[in-house]
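Q: Let me begin by handing over the structure; questions about it come next.
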Amino acid sequence: MGVVDGQSSQNVSEPGAQADASADKKEESPAAVVPDSSTDDFKDDENQLQDQQLDQIEQEQKQLPLVSDKIPFDVIVMEYDSTNGPEFRKKAEELAVVYSDVRQIRGDGNCFYRAVLVGVTELILKDHEEARRFLTVCEGWVDRLLKLGFPDWTTTDFCDYFVSWVKSIINKELKPDQVIPGLNEDHHCNYLIIFLRLISSGYLKEHTEEYEPFIDNGQSLSDYCCSEIEAMWKDVDHLGITGLVSALERPIRVEYMDRSAAPNGGWHYDFPPEQAEAPKIVLLYRPGHYDLIYRKD
Amino acid sequence: MTTPSRRRLMRDFKKLQEDPPAGVSGAPTQDNILTWEAIIFGPQETPFEDGTFKLSLEFTEEYPNKPPTVKFISRMFHPNVYADGSICLDILQNRWSPTYDVAAILTSIQSLLDEPNPNSPANSLAAQLYQENRREYEKRVYQIVEQSWMNFGENEGDMEPKEGEEQGAGDEPAAPSGSN
């Protein structure tokens, strides 16, 4: 059914049907975006200039692959020297003792989600049992999201797309050596990313009471999820990481180049914390960016 | 190969046909699934009532990651619509979500018509009249409502709503009777 279920069409203020289901959600009118102080007729030059700059940044980003091949970790070490980052150089050398390879992920705001997607995909390619388990978790999310009030039509589409992709990996409809390269196709990969963003948001919304206190500015969890998690190209934060790893039921470790960035002030942190075994998926965090790294055998 | 955006747009179109929300319609142009035309009927019991407003929606391959560019083709007089027809609406900009589809976009614009936000004006005269001289505002709105019919006569007819469709739309079972 349509997004207007249960509401008079004249009063649909927010197209997401979330408003219907989450009882505590405030009714919002379709707030117009506040433009710059000069009003009237046409968008002003300043906005246009900013758009151009954003386009340029986007074009530069697109020079890099979404997901690089596995390359030796030394590449990270060589990025730093005594002049541009002696601290990072030292840390990178330490990590190079434990980690052999890295896959660099394009820094487009989706890097965390994309890195986890690649990490999980590699796990399910290697381990059939893990793949079945992962499929079950993903299949379960359709109903969970709909129960939370996500718009039926579009949400189901994202879920179907993701689930059939996982199935095509399991039944080898997709050749195993094509799966990871396939993630370099923008539109395909980004469709998968939306699913990950939706279930991260979904997990947090299922635990609203637990997570809402961590949001600044008195923003509701629902608003936070809409603007920070579900929106493409928005960088992840601690809550988003928690949401995704919990939604996927798959722990990850993050290695921090900069210790002050770690939640516990340590060099690495596991999500969820205190794993009995070191998580198989490991991300490297450098300020504002995540890559995927691999332990030495 | 069909890209996810094109696949999704076909889905959106199918839904609009099978389960049309009250008072809006839309379809891709014949030769390009990324370019749509849509019609929004002015909500009943508002100054926009009986208006048949045409819009264009330009999608990119980034849809639904990015919203389409939506503009009124019909002349519009509204605090949040620029002179070139561009619409100042949060969900088309910073509050966009990939879970919004074409039906959701159109119903949001429809509800914006009678619920303007005069604090962020795209048309300062409309905003001012809306706040200070409602009668004059409604008069100006009525002018563009009348113009919206004339424009229909001039344009090619494939998007033209059928006679009576507008009335029927109000009885849409999905939309519970809001006012009565």
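Q: Being in contact (Cβ under 8 Å) with a residue 24 or more places away in the chain, facing chain A (nearest Cβ under 9 Å) and within 25 Å of A:Trp153 (Cα to Cα) is true for just one of B:Pro68, B:Pro64, B:Pro79. Which residue is that?
A: B:Pro64
Q: While we're looking at this one, here's another question. List pairs: first in region A:231-245 and away from chain B (no Cβ under 14 Å), second surrounded by 15 or more Cβ atoms within 10 Å (Cβ to Cβ) and assigned to a loop (DSSP other than H, G, I, E, B), Cβ under 7 Å, 6+ apart or cross-chain?
A: Short answer, once both residue conditions are applied: A:Asp235/A:Gly109; A:Val245/A:Pro251.
Q: Inspect region A:106-125 for any residue being modelled with pLDDT of 95 or more and part of a strand (DSSP E or B) and give the result as yes or no.
A: Looking for residues that are modelled with pLDDT of 95 or more and part of a strand (DSSP E or B), one finds none in region A:106-125, hence no.
Q: Can you tell me which residue is nearest to A:Met78 (Cα to Cα) among those in region A:95-139 that are small (Gly, Ala, Ser) and under 19 Å from the mean Cα position of the chain (by Cα)? If you could, list the steps in order and put the result at the bottom.
A: Within region A:95-139, the first condition is being small (Gly, Ala, Ser), and the residues that meet it are A:96, A:100, A:107, A:109, A:115, A:119, A:131.
From what's left, under 19 Å from the mean Cα position of the chain (by Cα): A:107, A:109, A:115, A:119.
Working: A:Gly107: 19, A:Gly109: 24, A:Ala115: 22, A:Gly119: 24 Å.
Within region A:95-139, the match that is nearest to A:Met78 (Cα to Cα) is A:Gly107.
Q: Can you list residue pairs whose Cβ atoms sit under 6 Å apart, with the first residue in region A:144-170 being surrounded by fewer than 23 Cβ atoms within 10 Å (Cβ to Cβ) and the second being β-branched (Val, Ile, Thr) and at pLDDT 95 or above? Count only pairs 6 or more apart in sequence or on different chains.
A: Matching pairs, first to second residue: A:Ile169/A:Val179.
Q: I'm trying to understand the selection: among the residues of region B:85-95, which are modelled with pLDDT under 95 and either more than 7 Å from chain A (Cβ to nearest Cβ) or over 20 Å from A:Asp223 (Cα atoms) (or both)?
A: If the condition is that a residue be modelled with pLDDT under 95 and either more than 7 Å from chain A (Cβ to nearest Cβ) or over 20 Å from A:Asp223 (Cα atoms) (or both), then B:Leu92 is the only one that fits.
Q: Is it fair to say A:Ser201 is at pLDDT below 95, buried (at least 20 other Cβ atoms within 10 Å of the Cβ), more than 20 Å from A:Gln61 (Cβ to Cβ) and within 14 Å of chain B (Cβ to nearest Cβ)?
A: no
Q: Test of understanding: among B:Leu125, B:Leu113, which residue is at pLDDT 90 or above, more than 18 Å from the chain's Cα centre (by Cα) and either part of a helix (DSSP H, G or I) or surrounded by 23 or more Cβ atoms within 10 Å (Cβ to Cβ) (or both)?
A: B:Leu125
Q: Those residues that are free of Cβ contacts under 8 Å to residues at least 40 places away in the same chain and within 18 Å of A:Asp157 (Cβ to Cβ), I need them from region B:82-109; list them, please.
A: B:Trp96, B:Ser97, B:Pro98, B:Thr99, B:Tyr100, B:Ala104
Q: How many residues are part of a helix (DSSP H, G or I) and free of Cβ contacts under 8 Å to residues at least 24 places away in the same chain when one looks only at region A:59-86?
A: Of all residues in region A:59-86, those part of a helix (DSSP H, G or I) come to A:59-61, A:74-78, A:86.
The next check asks that each one be free of Cβ contacts under 8 Å to residues at least 24 places away in the same chain; those that pass are A:59-60, A:74, A:77-78, A:86.
Here the count works out to 6.
Q: Would you be able to tell me the number of residues in region B:110-139 that are at the interface with another protein chain (Cβ under 8 Å from one of its Cβ atoms) and touching a residue at least 60 places away in the same chain (Cβ under 8 Å)?
A: So the answer is 3.
Q: Within region B:15-33, how many residues are buried (at least 19 other Cβ atoms within 10 Å of the Cβ) and charged (D, E, K, R)?
A: 1
Q: Taking region B:13-48 as the search range and keeping residues that are charged (D, E, K, R) and at pLDDT below 95, which one is farthest from A:Leu192 (Cα to Cα)?
A: B:Glu45
Q: Can you tell me which residue within region B:13-46, out of those that are in contact (Cβ under 8 Å) with a residue 60 or more places away in the chain and aliphatic (A, V, I, L, M), is farthest from the other protein chains (Cβ to nearest Cβ)?
A: Ranking the qualifying residues of region B:13-46, first place goes to B:Ala27.
Q: Exactly one condition in (1) away from every other protein chain (no Cβ under 14 Å); (2) surrounded by 21 or more Cβ atoms within 10 Å (Cβ to Cβ) is not met by A:Tyr113; state its number.
A: Here A:Tyr113 clears every test but (1).
The values are calculated or read from the model by the stated rules, or taken from the named source; none is laboratory data. Predicted model, so just to flag it, every value in this text is computed and none were measured. For neighbour counting, all protein chains shown are included, and Cβ atoms are generated from backbone atoms with ideal geometry for every residue, glycine included.
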